[in-house]
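Heads up: the structure comes next, in structure tokens.
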Amino acid sequence: MSSSSSSIRIVSLIPSATEIVQALGCLDALVARSHACDYPPQVLTVPVCTAPNLDPHQSSGEIHHQVSQRLQRALSIYRLDLDMLRQLQPTHILTQAQCEVCAVSLAEVEAALSVLDGCSPQVISLQPKTLSEVWQDILNVGQALGVKGDPVVDRLRDRLCQVQRQPPSPHPRVVCLEWTDPLMVAGNWVPELVALAGGQDLLGQRGQHSDWITWDSLIQIDPDVIVLMPCGFNLRATREAAVALSQHPNWRQLQAVQTGQVYLTDGNQYFNRPGPRLVDSLEILGEILHPRGSSSPHPGWERFQ
């Protein structure tokens, strides 16, 4: 089925869903997106129907404080443009029920639709915790849109196998940080990616939500490699967060710091988005953990100097 010849009208409220829509060949049916949906570049011309209720261009600590304050007061972190939804009359809305901090939640979408007369789209909620659940989400979205998702998933799995690293033991001992102030280790699909890249994730738990840790825990486990992938941060913002992190009095006690094995990544574009580009995330980890002297490394990471 060609989406251009159909009556499908898609609203995507999360970047990963927008990328899934593109992978399925349905991007021309996208009529609105979230403020965070920025890939592929052509979606930037699509109307935006969400906005944050806080300033995302702050330090990690300031963002954490604002988010905590809003959640304690039961205030939404994002707002949804109801007038735009009423005007666009979407047939499908892609949202998430995994993290109320990351994007407009399923509950907020359902509350919005309850007050919109004549608008009854199919709501597809994504909440993957593992790679297999990400692939299943692609299949589910494809089924809802009337297109086959199997070829997309097959190609992604093939790429996954091509970049999988199985170096001799011992594997590098890795900690992936999804937030820096306070410290949070990346969970969900990230420990799987680390294992596929030939590393050993010391703190993240496969299929479990990301969790806060203390500096004492980080120092005690003393990883060989630290990879920073703050949620929602691009490479520049991650670099700024790393500079602030390096001011902590215990920073230089870490083996990874002493050996120059601290790496910065664009978590916003890659690791934080449970969609097709998780395979790119694996490629980044492969280059970090087992460099092969590539003349053209992936642009989504750099070593912290």
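Note on the chain: dipole from Cβ charges, positive end direction compared against 247, 202, 270; the farthest Cα belongs to 270. By how many degrees, between 0 and 90 and to the nearest 10, does the Cα long axis of helix 235-245 differ from the longest principal axis of the chain? Helix 235-245 sits roughly 50 degrees off the main axis of the chain.
Over the chain, Cα pairs under 8 Å with separation of 6+ residues give a relative contact order of 15 percent. Averaged over residues, the count of other Cβ atoms within 10 Å places the peptides 229-239, 147-157, 122-132, 16-26 in the sequence 16-26, 229-239, 122-132, 147-157, highest first. The angle separating the long axis of helix 131-145 from the principal Cα axis of greatest extent in the chain is about 10 degrees. Extending 7 Å from Cα along the Cβ direction at residue 252 and again at residue 81 yields two label points whose distance is 5.0 nm.
Between helix 60-72 and the chain there is an angle of about 50 degrees, using the helix long axis and the longest principal axis of the Cα atoms. Beta bridges from DSSP with both residues in the chain: antiparallel share about 30 percent, rounded to the nearest 5. For the peptides 275-288, 209-222, the ranking by mean Cβ contacts within 10 Å, running from highest to lowest, is 275-288, 209-222. The local environment of residue 32, defined by Cβ-Cβ distances under 13 Å, has a net charge of +1 under the rule Lys, Arg +1 and Asp, Glu -1.
Pull out a ≥ b ≥ c, the square roots of the eigenvalues of the alpha-carbon gyration tensor of segment 252-305, then state rounded if a/c is under 1.5, prolate if not and a/b is larger than b/c, and oblate in the remaining case. Oblate. How large, in percent, is the carbon and sulfur part of the accessible surface of segment 139-229 at a probe radius of 1.4 Å? Answer for segment 139-229 is 47 percent, counting heavy atoms of protein chains only.
If you plug the beta carbon distance of residue 115 and residue 214 into 1/(1 + (r/R0)^6) with R0 = 35 Å, you get a FRET efficiency near 0.20.
The values are calculated or read from the model by the stated rules, or taken from the named source; none is laboratory data. All values derive from a computational prediction rather than experimental measurement. All Cβ positions, glycine included, derive from the backbone under ideal geometry; neighbour counts span all protein chains shown. Protein only, heavy atoms only, side chains kept; ligands, DNA and RNA dropped before computing areas. Shrake-Rupley method; radii C 1.70, N 1.55, O 1.52, S 1.80 Å.
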